[in-house]
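What follows is a short report on a single structure.
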Amino acid sequence: MTQSQPRFRARRAGIARALHEAVLPARLLLVAKTMLAVGLAWMIAPHMPGVTDEYPYYAPLGALVSMYPTLMGSAKSSFQTLLGLATGIGLATVVVLTVGPTWWTIPLVVGVGVLVSGTGWFGVGREYVPMAALFVLIIGGQNADDYSLGYLTQTAVGVVIGLVVNVLIAPAPLTVAAVGRVAAFREQLARHLDDIGSAVSESWPPEHEQWADDAASLADTTGELRLALVEADESRRGNPRAKGHRSRMEQSHEELATLDRIAHLIRDISDAIADTIWDRPAGIALDPALPEPLSAACHAVAEVIARGDASTPEDHRIRGEAARATRLLLETVDSRTVDVRRSMGPGVLTAMHLRRILILSGTGSSPED
């Protein structure tokens with residue numbers, strides 16, 4: 001298998017995942033709300049009093065920048081945008097009231113705007129600081145005061161409309177999706193450990209290599225899940241549809257922390273066995289007596305991972321079988337260590353990590369019990 005094939009598969013999977021996420025119900029709801037907010041803003045903007053009705057095109061812009069997947073995200077981005085606009089307009093006003101827009105004051109005020117926007121105070125509105133200053137000086141010209149008032153007011157009108165639409169049609173919290181992704185990650189870890197068990201029992205080198213290629217993706221998946229949980233927490237804030245979701249999110253955070261530790265252990269097992277199978281520089285030979293008990297222990301522990309913290313009689317039976325399989329692997333490792341007078345090898349590391357995985361998976365007792 002060439003090195004380009006795993007990268008191609010990963011890139012193809014990434015494209016498919018991105019297309020799938022683009023048409024999720026939550027995303028489609030955001031699309032519909034954005035269209036509604038922009039349409040309402042454009043319809044209301046021409047009826048604003050005074051000179052502001054001359055600049056209706058900024059209202060749809062305000063509605064657009066206020067639309068975020070979460071309520072708190074919408075409120076935060078709206079405030080930051082208006083703050084950035086007000087700051088940029090203020091910088092331009094200083095120039096208008098003093099030396100006026102010239103060949104050197106315009107780039108100077110834009111430079112100051114870029115400098116100020118780098119303070120971190122404006123968040124997503126940082127780009128509007130130099131932009132607003134530039135627009136006021138170049139587009140506003142002799143009517144800079146009227147333009148500034150219309151620009152800021154109409155943008156604020158759009159922002160308010162966007163926030164109202166977002167509140168009246170509150171987005172569903174992302175809790176269910178995040179919890180589902182954590183559960184899917186648990187199944188992914190179980191499959192990966194199961195594949196390792198199958199690879200060990202195959203003739204070497206095994207024909208099935210995907211498990212070795214997938215090991216590196218486990219850390220990336222963990223990072224993506226952390227971000228998904230953070231976004232789910234954000235989606236609950238101020239959301240009337242998020243009642244009763246707090247305990248589920250706390251449980252998911254704890255579960256992900258445990259799965260992250262299990263993922264590290266599985267990656268270590270995967271790397272050690274892959275080094276041995278393909279005779280890499282870091283590889284250490286696996287004793288011929290170990291593949292069978294090692295494979296059985298991997299399969300048994302993988303089933304425990306897949307079941308999570310369930311506590312039915314069947315779950316207790318499966319946990320007991322996994323504990324016995326791990327104990328048998330340890331006994332075989334101990335026996336072969338005495339016979340061949342050598343303890344190094346992937347069998348030792350795998351036995352140690354499988355014991356730790358069983359403990360992390362909530363066996364409630366040491367695997368030796």
(message) If the elastic network links every pair of Cα atoms under 10 Å, which of Ser74, Ser148, Ser247 fluctuates the most in the Gaussian network model of the chain?
(response) Ser247
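For Ile169 and Ala184, calculate 0.36 nm times their separation in residues minus their Cα-Cα distance, and state this gained length in nm to one decimal. Before the final figure, lay out the partial values.
Numbers: separation 15, 0.36 × 15 = 5.40 nm, distance 2.93 nm.
Between Ile169 and Ala184, full extension yields an extra 2.5 nm.
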(message) Order 95-101, 285-291 from most to least packed using the mean count of other Cβ atoms within 10 Å.
(response) 285-291, 95-101
(message) At R0 = 41 Å, how high is the FRET efficiency between Arg17 and Arg324 if r is their beta carbon distance? Nearest 0.05 is fine.
(response) 0.60
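Quick one: compute the contact order of region 39-145, relative version, from alpha carbon pairs under 8 angstrom and 6+ residues apart, as a percent.
Working: 116 pairs, mean separation 27.9, N = 107.
Rounded, it is 26 percent for region 39-145.
Can you tell me the order of 83-93, 17-27 when each peptide is scored by its average per-residue count of other Cβ atoms within 10 angstrom, highest first? All intermediate terms of the calculation are to be shown ahead of the outcome.
Details: 83-93: 22.8, 17-27: 10.8.
So the order, starting with the most tightly packed, is 83-93, 17-27.
Show me 254-260, 152-158, 189-195 ranked by packing, highest mean number of other Cβ atoms within 10 Å first. Could you put the intermediate results ahead of the total?
Working: 254-260: 17.3, 152-158: 24.1, 189-195: 22.0.
Those peptides, ordered most packed to least, come out 152-158, 189-195, 254-260.
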(request) Using the heavy atoms of the protein chains and a 1.4 angstrom probe, tell me the accessible area per residue for the chain in square angstrom. (result) 52
(request) Using a Förster distance of 51 angstrom, determine the FRET efficiency expected from the C-beta separation of Ser247 and Glu127, and round it to 0.05. (result) 0.85
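Ignoring ligands, DNA and RNA, what percent of the 1.4 Å accessible area of the chain is carbon and sulfur? Walk me through the numbers on the way to the answer.
On the way: 11820 of 19370 Å².
With neighbouring chains kept in place, the figure for the chain is 61 percent.
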(request) Would you kindly state how much longer the chain becomes between Leu64 and Val114 on full extension, computed as 0.36 nm times their sequence separation minus their alpha carbon distance, in nm to one decimal? (result) 15.7 nm
(request) Could you tell me which label, among (i) -0.41, -0.52, -0.71; (ii) -0.33, -0.44, -0.66; (iii) -0.22, -0.30, -0.49, carries the value of log10 I(q)/I(0) by the Debye sum over Cα atoms at q = 0.06, 0.07, 0.09 Å⁻¹ calculated for this structure? (result) (i)
(request) Helix by helix through the chain, keep the DSSP H runs that span 20 Å or more along the axis on Cα and average at least -0.5 on Kyte-Doolittle, and give those back in order. (result) 25-44, 71-97, 144-168, 175-201, 217-236, 246-277, 291-307, 346-360
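Assuming 0.36 nm per residue, please report the length gained on full extension of the stretch Met352 to Leu227 beyond their Cα-Cα distance. Numbers along the way, then the final one.
Values: separation 125, 0.36 × 125 = 45.00 nm, distance 3.06 nm.
Taking 0.36 nm per residue and subtracting the Cα distance, the gain is 41.9 nm.
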(message) Between Asp220 and Gln142, how high is the FRET efficiency from 1/(1 + (r/R0)^6) when r is the Cβ-Cβ distance and R₀ = 56 Å? Nearest 0.05.
(response) 0.50
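The values are calculated or read from the model by the stated rules, or taken from the named source; none is laboratory data. Source: prediction; values computed, not measured. Here Cβ is always computed from backbone atoms with ideal geometry, including for glycine, and neighbour counts include all displayed protein chains. Calculation scope for accessible area: heavy atoms of the full protein, side chains included, ligands and nucleic acids excluded. Shrake-Rupley method; radii C 1.70, N 1.55, O 1.52, S 1.80 Å.
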